[in-house]
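Below: the structure, in structure tokens.
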Amino acid sequence: MSTPSNPSAPGIPGTPGTPAVPAVTVAPAVTVAELEAQEARLVLSHFTYDDAWALGSLLVELARERRAPVAIDIRRGTQQLFHCALPGATADNDAWIDRKRRVVERYGVSSFLVGSRFRANGTTFEQSSRLDPDVYAAHGGSFPIAVEGAGVIGTVTVSGLPQAEDHAMVVEALERLRG
């Protein structure tokens, strides 16, 4: 996708006629080791329907504070326990949720960690996984819901921001949920 060559053209942030850019938090770059440490740290003691509601509500609160145009999805197994689309989110975000969630279900770790491992090995998920990129997306934003003694029992996914920010929002919410 190319950028228009006219710097005062509508659609370029900061120019007249362009809507304000939502206030989002930019996530710092993280290493594979840091992503693995997040997953080890964010194992929950339990995960109930009420926990799904609390986590989803917390993600909605974070997204609204930041005016983030995201869709949020929480599942236990194949059952969808929570879903919300905020202003600016589109049906494409739901498609991204499905693709990122499938990566977590297949690999048992966050979609961001899967993509980061491929990049750390000098390739990409799309080039080397042998999985259909229309079905699987190793982009940040989907995180395993892991419970002590049970392992991965579900997923929490955010879509609508750059992948590192989607991932960071989920991590922040899980950290708050753990207290």
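The values are calculated or read from the model by the stated rules, or taken from the named source; none is laboratory data. Since we're looking at a predicted model, the values are computed, not measured. Note that each Cβ is placed from the backbone with ideal geometry, even for glycine, and that neighbours are counted across all protein chains shown. Accessible surface areas use protein heavy atoms only, side chains included; no ligands, DNA or RNA. Shrake-Rupley method; radii C 1.70, N 1.55, O 1.52, S 1.80 Å.
Listed values, structure above:
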quantity	calculated
Model label zone, S57; criterion: amide N under 17 Å from point 7 Å along Cα-to-beta-carbon; scope the range 153-173	173
Packing-based ranking, highest mean first, of 121-130, 135-144 given that Cβ atoms within 10 Å are counted	135-144, 121-130
The range 76-179 - accessible surface per residue (Å², probe 1.4 Å)	46
Compactness of the range 58-176 as Cα Rg over 2.2 N^0.38 Å, two decimals	1.00
Kirkwood Rh, Cα atoms: Rg over Rh of the range 51-94	0.98
Positive minus negative residues near R101 (Lys, Arg vs Asp, Glu; Cβ under 9 Å)	+1
Model label zone, T48; criterion: amide N under 16 Å from point 7 Å along Cα-to-beta-carbon; scope the range 124-165	148
Paramagnetic reach from E34 (point 7 Å along Cα→Cβ, amide N under 19 Å) across the range 139-179	139-144, 161-176
Peptide ranges 37-48, 160-171 listed from the most packed, as the mean C-beta count within 10 angstrom indicates	160-171, 37-48
Percent of alpha-carbon pairs separated by more than 13 Å within the range 134-179	58
Share of alpha-carbon pairs per 5 Å distance bin for the range 20-122, given as whole %	2, 10, 17, 21, 24, 17, 7, 1, 0
Protein accessible area in the range 67-114, 1.4 Å probe - carbon and sulfur %	47
